[in-house]
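The values are calculated or read from the model by the stated rules, or taken from the named source; none is laboratory data. As the structure is a prediction and not an experimental result, all values here were calculated from the model. When we count neighbours, we look across all protein chains shown, and the Cβ atoms used for this are built from the backbone with ideal geometry, even at glycine. SASA here: full protein model, heavy atoms, side chains in, ligands and nucleic acids out. Shrake-Rupley method; radii C 1.70, N 1.55, O 1.52, S 1.80 Å.
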Amino acid sequence: MNVYLINSSQGPRILVIPSICPFPFTGLLIIRGFWFSTLAIYLQSIGKCLAIRQEAATASSKCSVGPADLVLFFFGSGVMEKLGLGPEVLLQENPRLIYARLTGFGQSGKYAKSAGHDINYLALSGVLSKLGRKDENPYAPVNLLADFAGGGVMCAMGIIIALYERTKSGKGQIVDASMVEGAAYLSSFLWKSQNLGLWNRPRGENLLDSGAPFYETYKTSDGKYMAVGAIEPQFYEQLVKGLGLDSNKLPSQLSFSDWPKMKKMFASIFAQKTQTEWCSIFDGTDACVTPVLSFDDAASHQHNKQRGSFIKNDQEEISPRPAPLLSRTPAVPSFKRDPFIGEHTEEILLEYGFTKQEIAKLHSDKVIEFSKPKANL
């Protein structure tokens, strides 16, 4: 189990005990919001953590959250309680503690103890039924919607709300973040707009789900793609003009029965030019037509370079800059490499009150690991 201690004089102390990617992302959002630096401890397994608490009374007391302001856990219902790290125990030790639990199905309900992944959470939320093209199976767009948006981002929002509330009450509380509920909440627009005529047709035949010819991706002659989102009439008019067509000779924009024929027409036209050629036609217009960029192309695109939207660390690795951008207190990204698991084990344990002898004993018992970076010669 990887345990991350996030410490800063400018914000709260955070203990992160993640298991899969959405939880570190939650920590990342909170970390960058407070300009945190990250230190990493490595515990061999949950079982070894339990062994610490059972075998050594001194280690037991120090293996809890100590002075942390926030604890993030990504384990199913009852797991942390079995380790003696349940919210009742830790909140009794520290009443100001924010105890955040991010799971797929939440801490209660029929599936609370069940395994699952993004696609399962998305399915149970109802959102998956809306995703997919006509006459095809529903598809999950990688693991972004439930894991990261409905999970990581929603959990971070809950933490921020709890931290703000604590400034008034002085008390901590439990944040129960369910990816199912987070994904469903993200889709509130879909639920609320069901009676507006936007989603009354089968999947893949509606305005925003690949049914409309003016809200679609099209392949170019060089095997790349353009994204089209010309919903409003004035934008649609510029799209049609850029394609070399006359809107007076075309069916009405919202003629559903003509959409399949229009999509074929648009596709045949887009296939006649390269992506670069289409960009030269549509850049500077309000046709809502943009290139579909690869990661490398996105980082080097003129617009993104002008805003500094992507950063490169000292290992030449590219990643997105922290967002959103604040005017007075923008996040200051680190350009250093990510820490190795175990790189700061001794440093953190010393800070938490362990002696060097106790740390050496934990290491010899293979409860913890050290991992120092090797010098590049």
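For the stretch 119-144, a tally of residues being touching an Asp or Glu at 6+ places or on another chain (Cβ under 7 Å), within 20 Å of F189 (Cα to Cα) and in contact (Cβ under 8 Å) with a residue 60 or more places away in the chain returns 1. Picking from residues in the stretch 262-300 that are touching a residue at least 24 places away in the same chain (Cβ under 8 Å), open to solvent by 40 Å² or more (accessible area, probe 1.4 Å) and in contact with a helix residue (DSSP H, G or I) (Cβ under 9 Å, 6 or more places away or on another chain), the one that is farthest from E232 (Cα to Cα) is K273. Looking across the stretch 226-257 at every residue that is of a type in the set (D, E) and over 18 Å from L208 (Cβ atoms), the one that is most open to solvent (accessible area, probe 1.4 Å) is identified as E237.
Here is a yes/no grid of residues against (1) within 16 Å of I98 (Cα to Cα); (2) in contact with a Cys (Cβ under 9 Å, 6 or more places away or on another chain); (3) surrounded by 14 or more Cβ atoms within 10 Å (Cβ to Cβ):
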{"position": "D118", "(1), (2), (3)": "no, no, yes"}
{"position": "N143", "(1), (2), (3)": "no, yes, yes"}
{"position": "D147", "(1), (2), (3)": "no, yes, yes"}
{"position": "M154", "(1), (2), (3)": "yes, no, yes"}
{"position": "R166", "(1), (2), (3)": "yes, no, yes"}
{"position": "I174", "(1), (2), (3)": "yes, no, yes"}
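All conditions in (1) part of a helix (DSSP H, G or I); (2) more than 25 Å from D209 (Cβ to Cβ) hold for R96, with the sole exception of (1).
When I311 is tested against (1) touching a residue at least 60 places away in the same chain (Cβ under 8 Å); (2) open to solvent by less than 40 Å² (accessible area, probe 1.4 Å); (3) of a type in the set (A, V, I, L, M); (4) over 30 Å from P202 (Cα atoms), just one condition goes unmet, and that condition is (1). Checking each residue in the stretch 128-141 for being under 17 Å from the mean Cα position of the chain (by Cα) and surrounded by 16 or more Cβ atoms within 10 Å (Cβ to Cβ) picks out only A140.
Scanning the stretch 178-204 for residues being surrounded by 14 or more Cβ atoms within 10 Å (Cβ to Cβ) and either touching a Leu at 6+ places or on another chain (Cβ under 7 Å) or assigned to a helix (DSSP H, G or I) (or both) gives a total of 11.
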